[in-house]
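Below is one structure, written out as structure tokens, with a few remarks after it.
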Amino acid sequence: MPRLAAREIVGAIANGFTEFPVPLREEPADGPIGWPGYREARSAAEERTGEKESVVCGTAKIGDAEAVLVAFEFGFLGGSLGQRTGDRIEAAFAHARDVRLPVVSLISTGGSRMQQGMRALMQLQRVARASALTRATGIPQISVLRDPTTGGGWATLGAGADVILALPEAQVGFAGSRVRPPGSPEAYTAEAHFAWGQVDAVVAPEELGGVLERWLRLLTTRSSAAAPPPSALRAASLPETGWDAVQAARAPGRARAAEYLDAYFDWREDVSGDRVGGADPGVACGFGWRDGRTIAYAAQCGTPTLPSGFRTAARVVRLASRLGIPVLTLVDTPGAANDAAAEQAGAGGAIAEMFEAVATASVPVTTLVIGEGGSGGALAFAAAGSTWVAPDAYFSVTSPEAAAAILKRPASEVPDIANQLHLRPQDLVDLGVARAVVSGKAG
């Protein structure tokens with residue numbers, strides 16, 4: 001894939017780019033540490049690229065969405081971060097805060113500028129602070145990882161963004177190709193970081209503008225109203241017994257999370273992964289557009305929820321809370337994954353994260369139980385006082401089978417135990433667990 005210059009990628013995705021006035025600090029021609037040949041290298045970079053620094057910053061429209069753009073020019077000393085780079089990025093974030101615009105960082109960098117020594121490395125502190133100040137004001141940040149995205153550029157603007165997109169086959173990693181250990185080059189790709197839950201999506205270049213426009217629209221549309229519970233997607237009568245409820249929730253033909261999300265939203269964009277090395281295919285998270293506003297979602301998809309699933313869902317709830325976007329959660333899991341791998345990955349801490357995120361959300365959280373509600377792994381996704389239940393779902397302190405095992409009762413008694421657990425949809429309403437059973441006309 002050809003490596004686009006900063007202004008080329010801006011031109012490919014945006015219109016009306018207006019560059020900010022360039023802050024120019026006085027610095028010695030050979031840099032702050034007098035690096036031999038730095039003056040000549042810098043002059044050659046300026047002549048080759050037509051730029052005065054390794055980033056170009058300004059405002060533009062991506063579709064109908066206006067944003068502040070920070071575009072790295074790799075041809076200028078490898079897109080390295082120097083003192084004047086820090087000046088420009090800091091000014092860009094300050095402008096974003098002043099005019100309340102989201103920030104899109106189009107990153108292509110080899111890291112800090114070696115020829116400026118520690119003065120260059122310290123720019124990472126400035127960039128991190130500028131980003132954090134902007135985040136604290138509720139302004140969203142999106143990063144696009146181009147080839148390469150390494151060093152401090154990855155560890156600040158890249159990995160620290162709310163939504164992380166990457167171009168196919170982009171080199172991504174804290175260590176650049178010339179300094180990392182030999183072997184395993186596939187570990188330093190956008191695709192690997194997506195698989196490990198550190199990138200939300202790998203986007204083809206021709207689709208980047210459209211994807212960014214949708215994300216900007218989603219993340220900048222706020223609403224104080226709670227998300228309505230979805231409608232039930234299957235005609236079903238209320239179960240007569242607890243065991244009937246369990247069988248209905250486990251039926252292969254029951255509607256699953258993907259079907260509910262597709263029916264609920266006009267369109268949506270997914271996020272992926274917990275940012276610390278894991279992605280759970282059994283949890284669908286993201287932001288969707290419904291009736292002219294944005295609603296965030298975190299949905300269990302019927303499998304035991306992994307620690308990475310809880311962490312990803314908590315990440316979405318926290319982001320939605322910060323941006324003023326209501327949340328919809330869908331409960332459907334036999335329970336949290338409880339094998340040795342889940343314990344090693346921090347199952348307890350991950351579940352605690354989700355409980356805390358929902359409990360402390362500053363936006364309304366709406367929950368619909370659409371299938372199995374198995375114990376605390378399901379309850380972590382549920383909003384107290386704002387939970388509904390589908391007619392072909394159940395919610396229980398534990399599964400009937402687990403209850404039989406705990407009580408040392410034979411498997412033949414599992415159906416009776418299901419009845420004793422009061423787990424039917426109508427039982428949940430009577431117990432105050434759910435507000436109502438949704439019908440096909442709800443929502």
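Only the coordinates and a few stated rules stand behind these numbers; no lab work does. Just so we're clear, the structure is a prediction, and the values are computed from it rather than from any experiment. Heads up, the Cβs are rebuilt from the backbone with ideal geometry, glycines too, and the neighbour counts pull from every protein chain shown.
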Check: What does the charge dipole of the chain about its Cα centre add up to, to the nearest 20 debye, if the Cβ of each Lys and Arg holds +1 and the Cβ of each Asp and Glu holds -1?
Finding: 920 debye
Next item on the list: Using only Cα atoms, tell me the angle between helix 38-49 and the longest principal axis of the chain; keep it within 0 to 90° and round to the nearest 10.
Entry: 70 degrees
Margin query: Give me log10 I(q)/I(0) at q = 0.10, 0.14 Å⁻¹ for region 6-219, Debye formula, one equal scatterer per alpha-carbon, no solvent.
Written below: -0.40, -0.80
Item checked: Sites A359 and I406 - FRET efficiency at Förster radius 35 Å, r taken between beta-carbons, to 0.05 -> 0.80
Checklist line | Added length on full extension, which subtracts the Cα-Cα distance from 0.36 nm per residue, E8 to W267 | finding: 90.3 nm
Margin query: Based on alpha-carbon atoms only, what is the radius of gyration of region 276-351 relative to the globular estimate 2.2 N^0.38 Å?
Written below: 1.14
Check: Going highest first, how would you order 108-114, 396-402 by mean Cβ packing within 10 Å?
Finding: 108-114, 396-402
Checklist line | Rg/Rh for region 1-83, where both radii come from Cα atoms and Rh is the Kirkwood radius | finding: 1.03
Item checked: the chain - mean residue ellipticity at 222 nm from DSSP helices (-39,500 (n - 2.57) per run, n ≥ 4, rounded to 500) -> -10000 deg cm²/dmol
Note to self: Give me, ordered by chain and number, the residues 5 or more places off V199 or on other chains with an amide H under 5 Å from its own placed amide H.
What the structure shows: F194
Check: Which angle between 0 and 90 degrees, to the nearest 10, do you get for helix 208-219 versus the longest principal axis of the chain when only C-alpha atoms count?
Finding: 60 degrees
Note to self: Using a 10 Å cut-off around each Cβ, can you sort D64, D30 from fewest to most neighbouring Cβ atoms?
What the structure shows: D64, D30
Item checked: FRET efficiency for N15 and M118, using Cβ-Cβ distance with R0 set to 41 Å, rounded to 0.05 -> 0.55
Check: For region 309-350, what D do you get in µm² per second when you plug the Kirkwood radius from alpha-carbon pairs into Stokes-Einstein at 37 °C and 0.692 mPa s?
Finding: 278 µm²/s
Check: Counting DSSP beta bridges with both partners in region 116-227, what percentage is antiparallel, nearest 5?
Finding: 10 percent
Checklist line | Linear extension gain, E47 paired with R129, 0.36 nm per residue minus alpha-carbon span | finding: 26.3 nm
Notebook entry, point to check: Listed highest first by mean packing, meaning other Cβ atoms within 10 Å per residue, what order do 403-409, 217-223, 152-158 come in?
Noted result: 152-158, 217-223, 403-409
Next item on the list: Mind putting together the pair-distance distribution for region 242-430? All Cα pairs, 5 Å bins, whole percent per bin, short to long.
Entry: 1, 9, 17, 21, 20, 16, 10, 4, 2, 1, 0
Next item on the list: Give me the distance in nm between label points sitting 7 Å out from Cα along the Cα-to-Cβ direction at R222 and E26, one decimal.
Entry: 4.3 nm
Next item on the list: Measure nothing but the geometry: give the 0 to 90° angle between the long axis through the Cα atoms of 307-323 and the longest principal axis through the Cα atoms of the chain, rounded to 10°.
Entry: 70 degrees
Item checked: Descending Cα extents along the principal axes, the chain, whole Å -> 83, 46, 35
Notebook entry, point to check: Within region 22-43, whose backbone N sits under 17 Å from a point 7 Å along Cα→Cβ of D98?
Noted result: 22-25
Check: For T366, which sequence-distant residues (separation of 5 or more, or a different chain) have an amide H within less than 5 Å of its own amide H, given hydrogens modelled in the peptide plane?
Finding: A227, V327, L328, T329
Check: Fewest to most neighbouring Cβ within 10 Å: what's the order for S224, S105, S439, S131?
Finding: S224, S439, S131, S105
Notebook entry, point to check: Taking neighbour Cβ counts within 10 Å as the exposure measure, how do C285, C301 sort from fewest upward?
Noted result: C301, C285
Next item on the list: Between A175 and A436, take the C-beta separation as r, use R0 = 45 Å, and let me know the FRET efficiency to the nearest 0.05.
Entry: 0.25
